[in-house]
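Taking it in order: structure first as structure tokens, then the write-up.
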Amino acid sequence: MIDLPVYDASGKQTGTVPFDEDRFGQRVRPRLLKQAIVMYESATHQGTAATRGRGQVQGSTHKLYRQKGTGNARMGTRRTCIRRGGGVAFAKKPRDMGKRMPRKMRRLARDSAILAKATANEAAVIEGLHLEAPKTATMAGLLRALGADRGCLLTLADYDTNIWKSSRNIPKTDVCVVDQLNAYSVLRRKKLLFTREAYDRLMAGAGSEESAEG
């Protein structure tokens, strides 16, 4: 069993919490993680690229001149793709580039990503993280103390406006609610940080169907 370090709001380690690998699939599944990453990145493609084919440009459909006897090269219509202003050969059309994965596979990929962070000593828990008002300097100092200033995902039990506003201007720092965790968000940043409340909720509902939504 792995032990995750626990830190207070000042960045000082106060103890550890157990992390049960069996609840997160027992082993890391690289192929499943790759499939999940491809799915989530495909969803970011707009798929709106479009060009006009020869049937969509203006111009006569008649040949420019007869086939033989002019001394010129053979030429078709003004719409052909080899003429300026003509249509594009194999024109692109808007399309949906998204991919799909079953819910159970998404959940297993998320658990495998969390397990990968835990086994690589890149996961930690923070106790008593509460801000009375948005303060970027306070949050940046905490991340430096935790060694997470080069990129981290901070996971909360519930949406917290002060923490979100304090983190949004820090480079390579993401904040999300534990119920919205997915494999892509976990692997996108170097460190994975949980508040104590978020970690307890994750451990209590690691196998729930709702937590697999990404």
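The values are calculated or read from the model by the stated rules, or taken from the named source; none is laboratory data. If you're wondering where the values come from, they're calculated on a predicted model, not measured in any experiment. Methodologically, a virtual Cβ is constructed for each residue, glycine included, from the backbone with ideal geometry; neighbour enumeration extends over all protein chains shown.
Determine which member of the set ARG83, ARG78, ARG31, ARG66 is part of a loop (DSSP other than H, G, I, E, B) and under 45 Å from the mean Cα position of the chain (by Cα). Of the residues listed, the single one that is part of a loop (DSSP other than H, G, I, E, B) and under 45 Å from the mean Cα position of the chain (by Cα) is ARG83. One residue stands out in segment 9-50 among those that are among the acidic types (Asp, Glu) and exposed (fewer than 15 other Cβ atoms within 10 Å of the Cβ): the one that is nearest to LYS99 (Cα to Cα), namely GLU41. So is ARG150 over 23 Å from ARG110 (Cα atoms) and either without any contact (Cβ under 8 Å) to a residue 60 or more places away in the chain or surrounded by fewer than 15 Cβ atoms within 10 Å (Cβ to Cβ) (or both) or not? No: the conditions fail for ARG150. When TYR65 is tested against (1) among the aromatic types (Phe, Trp, Tyr); (2) in the same structural domain as ARG110 (by TED's automatic domain parsing); (3) free of Cβ contacts under 8 Å to residues at least 24 places away in the same chain, exactly one condition is not met: (2). Restrict the check to segment 114-133 and report whether at least one residue is assigned by TED's automatic domain parsing to the domain that holds ASP200, in contact (Cβ under 8 Å) with a residue 60 or more places away in the chain and over 30 Å from GLY15 (Cβ atoms). No: zero hits. Regarding THR173, is this residue buried (at least 16 other Cβ atoms within 10 Å of the Cβ) and at pLDDT below 90? In short, yes. Only helices (runs of 4 or more DSSP H) whose full extent lies in segment 100-179 are considered here, and the ones with at least 3 residues that are more than 23 Å from PRO5 (Cα to Cα) and touching a helix residue (DSSP H, G or I) at 6+ places or on another chain (Cβ under 9 Å) are 103-119. Scanning segment 129-144 for residues that are of a type in the set (A, V, I, L, M, F, W, C), under 26 Å from the mean Cα position of the chain (by Cα) and farther than 18 Å from VAL186 by Cβ turns up LEU129, MET139, ALA140, LEU142. Residues in segment 1-44 that are in contact (Cβ under 8 Å) with a residue 12 or more places away in the chain, small (Gly, Ala, Ser) and either farther than 18 Å from ALA116 by Cβ or touching a strand residue (DSSP E or B) at 6+ places or on another chain (Cβ under 8 Å) (or both): ALA9, SER10, GLY11, SER42, ALA43. Please work out if LEU143 is in the same structural domain as ALA36 (by TED's automatic domain parsing), surrounded by 20 or more Cβ atoms within 10 Å (Cβ to Cβ), touching a Cys at 6+ places or on another chain (Cβ under 8 Å) and without any contact (Cβ under 8 Å) to a residue 40 or more places away in the chain. Considered against the rule, which asks whether it is in the same structural domain as ALA36 (by TED's automatic domain parsing), surrounded by 20 or more Cβ atoms within 10 Å (Cβ to Cβ), touching a Cys at 6+ places or on another chain (Cβ under 8 Å) and without any contact (Cβ under 8 Å) to a residue 40 or more places away in the chain, LEU143 comes out as yes.
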